[in-house]
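Below is one structure, written out as structure tokens; comments come after it.
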Amino acid sequence: MAKVKQAIVDVEEEVMSIVQGTTTPSLPDVQTILFKKYFMKDDTGYFLNEDVVIKAYNKAVYEKENEEEYDEHRY
């Protein structure tokens, strides 16, 4: 279970690094970046899992726009 949580945190961190810029990329743009970066790797983790990427994207955009930590239990 700890490996799964760490894999999800890795995805969140990668998505956050993609989203942090002057303009916010769209979800399909983020998915394309992750696909191109991780598709040919042996261990893709959750970087290509659509549900995990969508949650990470929503969290990253929320934190960027609101400048506060996202509380997943609140929403």
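Quick notes on this structure:
- Stretched out straight at 0.36 nm per residue, the stretch from Lys64 to Met16 would grow longer than its current Cα-Cα span by 16.4 nm.
- As a length-normalised measure over Cα pairs under 8 Å and 6 or more apart, the relative contact order of the chain settles at 36 percent.
- Sorted by Cβ neighbour density within 10 Å, fewest at the top, the residues Val9, Val61: Val9, Val61
- Hydrodynamic radius (Kirkwood) for the stretch 2-66, which is based on Cα pairs only, to one decimal in Å: 11.8 Å
- Of Met1, Met16, the sequence from fewest to most neighbouring Cβ atoms within 10 angstrom is Met1, Met16.
Where a number appears in this text, it was derived from the coordinates with a stated rule and is not lab data. The model shown is predicted, which means the values in this text are computed figures rather than measured ones. As a convention, Cβ positions derive from the backbone with ideal geometry for all residues, glycine included, and neighbour counts pool all protein chains shown.
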